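Just below is one structure, and these are the notes that go with it.
The values are calculated or read from the model by the stated rules, or taken from the named source; none is laboratory data. Bear in mind the structure is a predicted one, so any value in this text is a computation, not a measurement. Cβ atoms come from the backbone with ideal geometry, glycine included; neighbour counts cover every protein chain shown. Surface accessibility is based on the protein's heavy atoms, side chains included, excluding ligands, DNA and RNA. Shrake-Rupley method; radii C 1.70, N 1.55, O 1.52, S 1.80 Å.
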Amino acid sequence: MGQDLPQQSFTATDFARFDARLARCVAVLGELLQRPDFDGSPASVGAELELSLMDPDGRPAMINLELLEAMGDARFTAEIDRFNIEYNSTPLGFSGRPFSRLQQQLEEAVSQLHEAAAAHQAQPVAVGILPSLRAADLGDAAMTPVNRYRVLSRVLRAHRGRPFELRINGDDPLQLHADGVTFEGANTSLQLHLKVRPEDFVRTYNAAQMALGLSVAACGNSPLFLQHRLWEETRIVVFKQSVDDRDAPALAGHARPRVGIGSHWWQGSAAQAFADHLHGHDVLLPICSEEDPDAAMAAGQTPRLGEIMTHGGTIWHWNRPVYDAPGGGHLRIEFRALPSGPTIADMMANAALSLGLTLALAAQGPDTAEFPFERAEYNLYRAAQSGLDAQVDWPDGHGRMVRQPVVDLLRVWLPRAQQALTAAGVEADESRQHLSIIAARIQNGQTGARWQRHYVERCGLKENRNAAMHRMLQRYATLSTAGSPVHTWPLTLP
């Protein structure tokens with residue numbers, strides 16, 4: 001959700017000035033990408049890991065600001081709800097052993113957070129949605145007291161013109177209304193950032209969109225929300241619905257949601273792609289920077305283009321294009337669909353899968369001409385609903401789309417993902433080590449979502465839902481901290 005805001009209300013003049021500056025920033029970005037010295041550094045990868053905080057009873061611990069003050073580490077930041085906290089890794093070169101080096105960073109960060117939380121009789125837990133959450137935990141009091149979150153909630157609610165509505169099917173269908181965006185804070189994720197050269201950006205981004213259904217199916221870890229059994233990756237639908245700012249006319253006109261995958265494959269240059277992305281949604285936060293981007297360009301400097309960053313930070317596509325100025329400027333794809341947890345080993349396997357699939361699809365197709373965009377969106381939602389049981393659509397190489405089990409496609413593309421990582425400079429045994437976790441998960445069918453579902457049922461879900469959720473979560477937290485991948489977790493009750 002980004003940095004705090006210097007103001008809390010805006011005028012029509014603010015929006016008009018911002019729109020003009022945003023248009024100029026987009027034009028300057030196009031000029032910047034033509035510079036021969038733009039993005040001269042090697043490919044890199046980084047991550048943002050979001051974690052939930054829970055007390056000894058497995059209930060959300062509303063202490064993120066207290067932990068941030070105690071740790072005094074700028075790599076940790078507060079998320080929208082007071083039981084959320086985020087760690088931002090240091091970017092690493094995408095060669096050699098990037099996943100193992102990232103794993104070491106995350107392990108050290110989580111250990112540091114465990115130590116700080118223990119002083120408050122709490123602990124962090126890496127899980128897509130904290131299973132013990134109740135609707136009362138997600139009211140106004142849950143919001144981290146930061147201006148940005150208050151303003152975003154108010155602006156999104158005003159755009160919508162009515163309460164946010166969550167309707168989610170599943171074993172225990174859920175329907176409720178919310179006046180603010182704090183229900184979004186139920187979601188925690190592992191967000192990857194891959195630096196991509198401008199000439200490769202559109203092709204790689206489209207490949208990341210194709211890969212979504214496959215990676216989400218294999219990585220589900222949020223089957224429970226408000227103690228309801230819903231989707232294998234319920235985060236996908238909770239995030240979409242909990243910040244959906246479309247009013248009735250926008251819905252009638254088939255306007256795209258702020259959380260999704262967009263509306264079409266990108267064509268043309270990276271600059272055109274950014275313009276397409278940014279112009280597809282209304283501005284929410286017209287905070288103008290003081291920078292003169294034209295003057296920066298004339299002086300041979302790299303402009304920050306703050307309006308692009310501000311507006312782009314309020315469009316939460318599952319794959320998000322990012323421009324950043326450090327190091328002479330570069331472009332990144334932010335992969336936002338992967339859940340937090342169950343273990344750091346699992347998350348590194350998920351990262352290797354998502355990035356490997358993207359690189360493989362970028363290199364080997366299928367071509368966007370034979371893959372209707374709406375089928376990529378269909379695949380994402382079927383994967384989020386059904387996980388490894390999903391049936392998805394895929395080109396057969398002869399001009400037809402064929403519906404088939406997602407596990408069959410994963411078995412085909414997993415070795416190609418490994419080959420693509422090796423071609424990108426990742427050591428062969430590094431990619432093999434992490435992707436072997438995915439292969440084992442596919443083989444025995446146990447994702448984090450499946451383990452949660454089965455274990456909570458064994459704990460007596462039908463007899464006492466609260467007790468079963470609590471017992472499952474305590475066991476989950478123990479196994480997550482121990483670190484063995486989720487496909488090895490036992491289902492027997494201790």
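Miscellaneous remarks
- Any chance L33 is closer than 17 Å to D200 by Cα, modelled with pLDDT of 95 or more and not charged (D, E, K, R): yes
- Out of L421, L435, L380, sole residue that is open to solvent by less than 40 Å² (accessible area, probe 1.4 Å) and under 23 Å from H264 (Cα atoms): L380
- Within the range 335-344, considering residues that are in contact with a strand residue (DSSP E or B) (Cβ under 6 Å, 6 or more places away or on another chain) and either without any contact (Cβ under 8 Å) to a residue 12 or more places away in the chain or in a loop (DSSP other than H, G, I, E, B) (or both), the one surrounded by the most Cβ atoms within 10 Å (Cβ to Cβ): S340
- Search result, residues across the range 296-334 that are without any contact (Cβ under 8 Å) to a residue 60 or more places away in the chain, touching an Asp or Glu at 6+ places or on another chain (Cβ under 7 Å) and either part of a helix (DSSP H, G or I) or among the hydroxyl-bearing types (S, T, Y) (or both): none
- Yes/no for L305 being closer than 22 Å to R203 by Cα and either β-branched (V, I, T) or open to solvent by less than 30 Å² (accessible area, probe 1.4 Å) (or both): no
- Taken over the range 160-183, the criterion of being of a type in the set (S, T, N, Q) and within 24 Å of V283 (Cα to Cα) is satisfied by T182 alone.
- Scanning the range 115-128 for residues that are in contact (Cβ under 8 Å) with a residue 60 or more places away in the chain, surrounded by 14 or more Cβ atoms within 10 Å (Cβ to Cβ) and more than 30 Å from L331 (Cα to Cα) returns A117, A122, Q123, P124, V125.
- Index of the failed condition, R411 passing every other in (1) touching a residue at least 24 places away in the same chain (Cβ under 8 Å); (2) under 14 Å from P131 (Cα atoms); (3) open to solvent by 70 Å² or more (accessible area, probe 1.4 Å): (2)
A quick yes/no check of all residues on (1) in contact with a helix residue (DSSP H, G or I) (Cβ under 6 Å, 6 or more places away or on another chain); (2) under 22 Å from F94 (Cα atoms):
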| site | (1), (2) |
| --- | --- |
| D294 | no, no |
| G300 | no, no |
| R304 | no, no |
| V322 | no, yes |
| N350 | yes, yes |
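- Residue list for the range 130-140, restricted to those being surrounded by fewer than 20 Cβ atoms within 10 Å (Cβ to Cβ), in a helix (DSSP H, G or I) and touching a residue at least 40 places away in the same chain (Cβ under 8 Å): A135, D140
- Hits in the range 141-181 (condition: in contact with a His (Cβ under 6 Å, 6 or more places away or on another chain), open to solvent by less than 20 Å² (accessible area, probe 1.4 Å) and in a loop (DSSP other than H, G, I, E, B)): none
- Residues in the range 276-295 that are open to solvent by less than 20 Å² (accessible area, probe 1.4 Å) and outside any loop (DSSP other than H, G, I, E, B): 3 in all.
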